[in-house]
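Single-structure report; data block below.
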Amino acid sequence: MAQGFLRLDAIVPEELNAEAIEVLTTGVPPVPYGTPLAEAFLPGTFARRLVDLPLIAGALESLVGPAPTVDHHAVHVREPQGGTAQPLHGDAIIDTRADAFDVQLMYYPHEVTEQMGGTLLVPGSHLRRTNESDTGRYQNLLGQVRLTCPAGTVLLLHHGIWHGGRRNDSDRRRYMFKIRFNPTVPQVRLWDTADLVDPAVAAELAVQHPWYEHATGRLEIYNRVALWRALTDDDGFDIDYWATRVTNRPRRTA
Ligand SMILES: O=C(O)CCC(=O)C(=O)O
């Protein structure tokens, strides 16, 4: 919630990683926007075996629920000695939903070294609600993550996260397969909520990232509270009164 992404290192088995390079080079057949997952990737296909891996399937179900639709998918290739980096961006237009989110899966079938650039991610940027490459002028932000990872790593990201493919200065093509999932059920308590009242949860929701600067980061705490209220169906949840204050609609007349 506070980071905007979940990193699962080396969770895809080596056989699938080895197969991936050929599959991604050939291309994964496109699907119409909003195709149910079960129809988008037929049993036995590479993409289906990927999303059916228990850790991935479980994490997806916790985030978007059962039977999501595939918004779209794409193979992203950064060519060797590619020469340029992508500007920092969010993947779509400004998205004002405070009670729902899409999940983007990014899968790296081979090791990504520093020389290969990696994907730049800005932790805690997902709820700032910018429009596509509005953030393109930012070159480096405090606390940014430049993803280097072992083969078979998967990221699951909130759709709003600011990211960009860094320049590939190596002699190897860098592959990444991205799938965007839309939920089809309310995203309320879809995960194991046994520790919901643990103080560590509220502490995590109050985390400040270095690029916020302390005072402006309050907006992100508020944004998280708003989403957390929706995800837990608890309109009373708050941190430091931020949401209570701005949702107050006084009615007392005497
Ligand atoms: O190539 C990358 O590392 C990221 C590319 C990407 O996510 C995009 O083009 O939106």
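Taken together, the values in this text are just the output of simple stated rules run on the coordinates, not laboratory data. Computed from a prediction, not measured in an experiment: that's the story for all the values here. Every residue, glycine among them, receives a Cβ derived from its backbone with ideal geometry; neighbour counts consider all protein chains shown.
Taking springs between alpha-carbon atoms closer than 10 angstrom, which of I56, I93, I21 fluctuates most in the Gaussian network model of the chain? In the Gaussian network model the winner is I93.
Cβ-to-Cβ counts within 10 Å put E19, E213 in ascending order as E213, E19, the fewest first.
Projecting the Cα atoms of H163, T96, A38 onto the charge dipole of region 36-172 (Cβ charges, centred on the Cα centre) puts H163 farthest toward the positive pole.
Rounded to the nearest 10 degrees, the inclination of helix 14-26 to the longest alpha-carbon principal axis of the chain is 80 degrees. Across region 80-94, rounded Karplus estimates of 3J(HN,Hα) from the backbone phi angles (6.51 cos²θ - 1.76 cosθ + 1.60, θ = phi - 60°) give x, 6, x, x, 9, 9, 6, x, 5, 8, x, 7, 8, 5, 3 Hz, Gly and Pro being marked x. Once a ≥ b ≥ c are taken as the square roots of the eigenvalues of the Cα gyration tensor of region 112-254, is the result rounded (a/c under 1.5), prolate (a/b larger than b/c) or oblate (a/b not larger than b/c)? Verdict is prolate for region 112-254. Note that region 105-121 has calculated 3J(HN,Hα) couplings of 9, 10, 10, 10, x, 10, 4, 10, 9, 4, 5, 7, x, x, 9, 7, 10 Hz, one per residue in order, obtained from phi through the Karplus relation 6.51 cos²θ - 1.76 cosθ + 1.60 (θ = phi - 60°); glycine and proline are x.
The loop-placed trypsin sites (Lys or Arg not before Pro) in region 205-254, going by DSSP, that have at most 14 neighbouring Cβ atoms within 10 Å of their Cβ come out as R251, R252. Extension gain for A67-T25 works out to 12.3 nm (0.36 nm per residue, less the C-alpha to C-alpha distance).
Computed from Cα atoms, the angle from the helix 54-64 axis to the main principal axis of the chain rounds to 40 degrees. With contacts taken as Cα pairs under 8 Å and at least 6 residues apart, region 5-182 reaches a relative contact order of 38 percent.
Report, to one decimal in Å, the Kirkwood hydrodynamic radius for region 94-182 based on all distinct Cα pairs. Result for region 94-182 stands at 13.9 Å.
Kirkwood-type hydrodynamic radius, region 199-247: 11.0 Å, calculated from all non-identical alpha-carbon pairs. Going by neighbour counts of Cβ atoms within 10 Å, the residues S125, S170, S133 line up, fewest first, as S133, S170, S125. Working from Cα pairs under 8 Å separated by at least six residues, relative contact order for region 14-115 is 37 percent. Two decimals is fine: what is log10 I(q)/I(0) at q = 0.08, 0.12, 0.14, 0.18 Å⁻¹ for the chain, from a Debye sum with one equal scatterer on every Cα and no solvent? With one equal scatterer per Cα and no solvent, log10 I(q)/I(0) is -0.34, -0.75, -1.00, -1.54. Among W191, W228, sorting on how many other beta-carbon atoms sit within 10 Å of each Cβ, with the fewest leading, yields W191, W228.
Report the FRET efficiency, 1/(1 + (r/R0)^6), for R252 and M1, where r is their Cβ-Cβ distance and R0 is 25 Å, rounded to 0.05. So, using R0 = 25 Å, E works out to roughly 0.15.
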